[in-house]
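*Asks:* My questions will all concern the structure given below.
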Amino acid sequence: MIGYHEDFREELTALEAQSRLRKLPEDFAALRPGLIDMSSNDYLGLAAEGESLAEEFLSVSKCRDFTSCASRLLSHRQKEHLLLEDLLSSLYGKEALIFNSGYHANVGVIQALALPGTIFVADRLAHASMIDGLILSRSPFERFRHNDINHLKRILLKHREAARIVVITEAIFSMDGDSAPLHELTALKEEFPNMLLYLDEAHSVGVCGPQGLGRAEEENLLDNIDIIIGTFGKALASSGAFVATSPAVKEWLINSARSLIFSTALPPVNVAYTRFILEKVVDMNERRQRLKCLSAKFREGLSRLTGAHTPSVSQIVPWITGDSALALKISADLREAGFDALPIRRPTVPPGGERIRFSLSASLTEEDISRLLYHINSLSAHYADRMA
Ligand code: PMP
């Protein structure tokens, strides 16, 4: 028994020696007062206003149901789930189905799509939840070089005869903050009629598009994307996720998505809160614009001051250090300066891609961004000889 524990201790010691040991961060409220959160995904600043929003929600919603007590297929507490699905359906012009989280959605939907004869092709930087769905699907899959349409096309040509090829990508990539070339991807569907496009909009829901529906809405491509995944735990400051797709795929998911069938549904009160927030988010163009301006200013400053190219076109902006120990050190220095920006290390990013991931929010001020850039400038000079 003791040996069994020691095996894990040895693994942990090895991780620590490589500066890769992960620890849960402290509760934010317990940290230094005034510390600015640059790590969570509160893109519209709604989590920061959580207390007043919750009060308003409790004054307008009668829902106080904190459990579903069963999975969607067995629970009679469906009203709030159906109302939210109706709202999502009318916004996206597709059928919507709620999942407990983005992780549940990606794992469950990808696994369910794996009818015999299906080939999956995923962008090399697709989120771990999609990769886990692919592994669970036990179907053949390939990866195409990040955002490389020519490479994808060569793979599609190879599988021209397949019954269907599901191409999996993200609207805004969670670690690099860049965007998939949606027009080129949807154009491929005309050339390859056996292709379905699967788009994870986790980091673009709330943030992009005239109603905050995501990048597909922004590019006027909602009708050209077969399966859209959105999450509620980021810009919408709630939790859970949804898929928006065709009526047949929705019905198939209800019959086959294991993460939906075998897991207790989200509490109705949480779903009601998501609907309350979503109704507001549709009209939050001012915040979306503000976030865009702050992000552009930060991206420009970061590249100018550090001389490093940033792939980002969004509110997710990485500063790549290329080294775990350095990412840890810079994160600690930034915290001293009043900014909580956490390091991202292997296996979340490939070796050499270690970074500080700045996640911007519309609740930041221009002065916050200027102050952050000032500290980045000093740190960049201080660690110049250790940078990637
Ligand atoms: N997809 C992407 C692109 C993500 O970044 C994440 C979470 N970081 C998820 C899905 C999972 O979503 P959730 O946190 O709701 O499980």
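*Asks:* Carbon and sulfur together cover what percent of the accessible area of the range 7-150 at a 1.4 Å probe radius?
*Replies:* Its accessible area is 57 percent carbon and sulfur atoms.
*Asks:* If the chain between Ala17 and Arg371 were fully stretched, how many nm would it gain, using 0.36 nm times the residue separation less the Cα-Cα distance? Numbers along the way, then the final one.
*Replies:* Working: separation 354, 0.36 × 354 = 127.44 nm, distance 3.31 nm.
Answer, rounded to one decimal: 124.1 nm.
*Asks:* Count the DSSP beta bridges whose two residues both fall in the chain, then state the antiparallel fraction as a percent rounded to the nearest 5.
*Replies:* Here the share of antiparallel DSSP bridges comes out near 45 percent.
*Asks:* If Lys and Arg each add +1 and Asp and Glu each add -1, what is the summed charge of the other residues whose beta carbon sits under 9 Å from the beta carbon of Ile168? Please list the in-between numbers first.
*Replies:* Numbers: positive: none; negative: Asp123, Glu170, Asp200.
Within the 9 Å Cβ shell, the charges total -3.
*Asks:* Something else: Students often get this wrong, so check it: of Lys234/Lys292; Lys189/Lys234; Lys153/Lys234; Lys79/Lys250, which have C-alpha atoms separated by over 21 Å?
*Replies:* Numbers: Lys234/Lys292 16 Å; Lys189/Lys234 30 Å; Lys153/Lys234 32 Å; Lys79/Lys250 18 Å.
Violating the 21 Å limit, Cα to Cα: Lys189/Lys234; Lys153/Lys234.
*Asks:* I'd like the GluC sites (Glu not before Pro) in the range 109-187 restricted to DSSP loop residues with at most 14 other Cβ atoms within 10 Å, sorted by number. Please report the intermediate quantities before stating the final value.
*Replies:* Working: sites: Glu142, Glu161, Glu170, Glu184; in loops: Glu161.
The qualifying sites are Glu161.
*Asks:* In the range 261-388, carbon and sulfur make up what percent of the accessible area (probe 1.4 Å)?
*Replies:* Numbers: 2950 of 5500 Å².
Carbon and sulfur together cover 54 percent of it.
*Asks:* Turning to a different aspect of this structure: Please find the FRET efficiency linking Glu161 to Arg138, where r is the Cβ-Cβ separation and R0 is fixed at 30 Å, and quote it to the nearest 0.05. Can you show the working numbers first?
*Replies:* Working: r = 21 Å, r/R0 = 0.69.
After rounding, the FRET efficiency stands at 0.90.
*Asks:* Along the Cα→Cβ direction, 7 angstrom out, place labels at Ala70 and Glu300. What is the inter-label distance in nm?
*Replies:* Those two pseudo-labels are separated by 5.8 nm.
*Asks:* Can you give me the accessible area per residue for the chain, using a 1.4 Å probe, in Å²?
*Replies:* On the way: 17970 Å² over 388 residues.
Each residue of the chain exposes 46 Å² on average to a 1.4 Å probe.
*Asks:* Related question: What number, in percent, do you get for the relative contact order of the range 217-283 if the mean sequence gap of Cα pairs under 8 Å and at least 6 apart is divided by its residue count?
*Replies:* Details: 41 pairs, mean separation 18.5, N = 67.
After rounding, I find 28 percent.
*Asks:* Can I ask one more? Please report how far the C-alpha centroid of the range 90-158 lies from that of the range 7-57, rounded to the nearest whole angstrom.
*Replies:* Each part reduced to its Cα centre gives a spacing of 28 Å.
*Asks:* Taking only C-alpha pairs under 8 Å that are 6+ residues apart, what is the relative contact order of the chain in percent?
*Replies:* Details: 705 pairs, mean separation 87.4, N = 388.
Reported relative contact order: 23 percent.
*Asks:* How high is the relative contact order of the range 81-161, in percent, with contacts defined as C-alpha pairs under 8 Å that are six or more residues apart? All intermediate terms of the calculation are to be shown ahead of the outcome.
*Replies:* On the way: 76 pairs, mean separation 19.8, N = 81.
Across the range 81-161, relative contact order equals 24 percent.
*Asks:* Moving on to the next point. Arrange the peptides 67-73, 325-331 so that the one whose residues have, on average, the most other Cβ atoms within 10 Å appears first.
*Replies:* Details: 67-73: 16.0, 325-331: 20.3.
Top to bottom by mean Cβ count within 10 Å: 325-331, 67-73.
*Asks:* Also, I was wondering about something else. By how many nm would the segment from Glu55 to Arg145 lengthen if fully extended, with 0.36 nm per residue of separation less the alpha-carbon distance?
*Replies:* Additional length available on full extension: 27.7 nm.
*Asks:* Measuring from label point to label point, each 7 Å out along Cα→Cβ, what is the Ala381 to Ile261 span in nm?
*Replies:* Taking the two extended label points, one gets 6.2 nm.
*Asks:* Straight-line reach from Lys62: which aspartates and glutamates have Cα under 17 Å away, leaving out those fewer than 8 places along the same chain?
*Replies:* Glu80, Glu279
*Asks:* Sort the following peptides by mean Cβ neighbour count (other Cβ atoms within 10 Å, averaged over residues), highest first: 106-114, 254-262, 356-364. It would help to have the intermediate numbers written out before the result.
*Replies:* On the way: 106-114: 25.4, 254-262: 16.9, 356-364: 23.8.
My ranking of the peptides, most packed first, is 106-114, 356-364, 254-262.
The values are calculated or read from the model by the stated rules, or taken from the named source; none is laboratory data. Fair warning: this is a prediction, and the values are worked out from it, not measured in the lab. Note: ideal-geometry Cβ built from the backbone for every residue, glycine included; neighbour counts use all protein chains shown. These area figures cover heavy atoms from the full protein model, side chains too; ligands, DNA and RNA do not enter into them. Shrake-Rupley method; radii C 1.70, N 1.55, O 1.52, S 1.80 Å.
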